[in-house]
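Below you'll find the structure, written out as structure tokens, and then a few comments.
The values are calculated or read from the model by the stated rules, or taken from the named source; none is laboratory data. A quick note: this is a predicted structure, and the numbers were derived from the prediction, not measured. Reconstructed Cβ throughout: ideal geometry from the backbone, glycine too, with neighbour counts over all protein chains shown.
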């Protein structure tokens, strides 16, 4: 059972993650994707590095720990953050959130395919629900004159990178604290973002509007700052069912908040897709019987 402080933290974390999707879309109106990632991730890296250092976390990797930073950072941060920002640019932000959070299902399916993990009937049902969601959104993008089937493919690629990174994290034998690992993966990804942005995008002019500055600050302070700090404080004590419920709510909050922030009104396909993804996440993450225990008759 979560105490009051943990419950407040979990609600705040879920809201931050959900609202971040339309906030990213807002930023892309005035800033190119890779420079947006470079600026916000660099700021978040510096903040987290100082915070965890002051908390006494061992921050400097030693020996083979550097290899873990590079190998785990490629899919978990570089792959996910690069592809997802282009997905957000191409799609409605709520739709991008729905597709991005198909990750837990791909994690289960890839684990069964490559690591011979047991595939249950719940996993198969989750896969079918996700395929239905993807088919609905893809058909709508194909049928819409301003649609972007490419955006759907890019966002699914981002979710696959996240899933692969998750499987790699589960099998890694880490001696470096996870907080330090995250900071160094973010630092590595930030460097890559700066290089890719310099090679492919014009240098920004910084004639930003007030909402744009607010959106950038949100990315640094909340998405890469408070959200990560809260997550690390909760992760060791969060029951699996509670963690699953939090993940389930992110695409729903992303879709709802996009209406307020970006005036993106969801279509019926988005509503059905978000329900399918939430059901799929529940199927693969919620322990059997957890809902019955949480809601006794």
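Structure summary
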{"quantity": "Checklist (1) in contact (Cβ under 8 Å) with a residue 60 or more places away in the chain; (2) over 29 Å from residue 260 (Cα atoms); (3) buried (at least 19 other Cβ atoms within 10 Å of the Cβ) applied to residue 106, failing item", "calculated": "(1)"}
{"quantity": "Qualifying residue in segment 148-159 (condition: over 17 Å from the mean Cα position of the chain (by Cα), closer than 30 Å to residue 269 by Cβ, crowded, with 18+ Cβ neighbours inside 10 Å and at pLDDT below 95)", "calculated": "yes"}
{"quantity": "Criterion (under 19 Å from residue 7 (Cβ atoms), at pLDDT 95 or above and surrounded by 18 or more Cβ atoms within 10 Å (Cβ to Cβ)) met by exactly one of 229, 253", "calculated": "253"}
{"quantity": "Candidate set: segment 1-50, residues that are closer than 25 Å to residue 178 by Cβ and out of contact with any helix residue (DSSP H, G or I) (no Cβ under 7 Å at 6 or more places or on another chain); chosen: the one surrounded by the most Cβ atoms within 10 Å (Cβ to Cβ)", "calculated": "46"}
{"quantity": "Among the candidates 122, 171, residue that is farther than 21 Å from residue 250 by Cβ and surrounded by fewer than 17 Cβ atoms within 10 Å (Cβ to Cβ)", "calculated": "171"}
{"quantity": "Unique match (being exposed (fewer than 14 other Cβ atoms within 10 Å of the Cβ) and at pLDDT 90 or above) among 239, 177, 202", "calculated": "202"}
{"quantity": "Residue 195 modelled with pLDDT of 90 or more and surrounded by 16 or more Cβ atoms within 10 Å (Cβ to Cβ)", "calculated": "no"}
